[in-house]
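Just so you know, all these numbers are worked out from the coordinates, no wet-lab data involved. Values in this document were obtained by computation on a predicted structure and should not be read as measured data. Cβ sites come from the backbone with ideal geometry, for glycine too, and all protein chains shown count toward neighbours.
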Amino acid sequence: MSDRKTVLLVDDDPSILRGLKRLLREHGFDAVLFDSAGALRSHDDFTKACCIVIDVDINHESGIELRHELRASGVSLPVIYITGNDNPTTRLAATQSGCLAYLTKPFVAKSLIEPLERALAGVR
């Protein structure tokens, strides 16, 4: 499998991480799992990934702010946000940050896989 089919997943819910990893594997993607914003910040190789999937609220930290930090540090990977607590303010902040998709949990597989395929096409 090409390294570029790797997706970085950030969520503080272990069952979400496991489920998404399984879903991605079924669609030909590999996943690197992070259970906190700090764990992703400590990651040292973003070049092998095609996209980052970030929970909007990770242990009371903002996934949107995490994305801004990553961009400021030179990480320009596309981002897909996922959230279980959708509201208009958060949705607006997410879309203004330039996300590839904003998904409300629970979501259908297709709503995640389609933007991942677009992200993959952009890095090949």
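Below, the figures for the structure above:
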| read-out | value |
| --- | --- |
| Charge sum, other residues only, whose C-beta stays under 9 Å from D35's C-beta, Lys/Arg counted +1 and Asp/Glu -1 | -3 |
| Rh by Kirkwood over Cα pairs, then Stokes-Einstein D for the range 3-123 at 1.002 mPa s and 20 °C, µm²/s | 152 µm²/s |
| Prolate/oblate/rounded call for the range 67-124, Cα gyration tensor, a/c under 1.5 rounded | oblate |
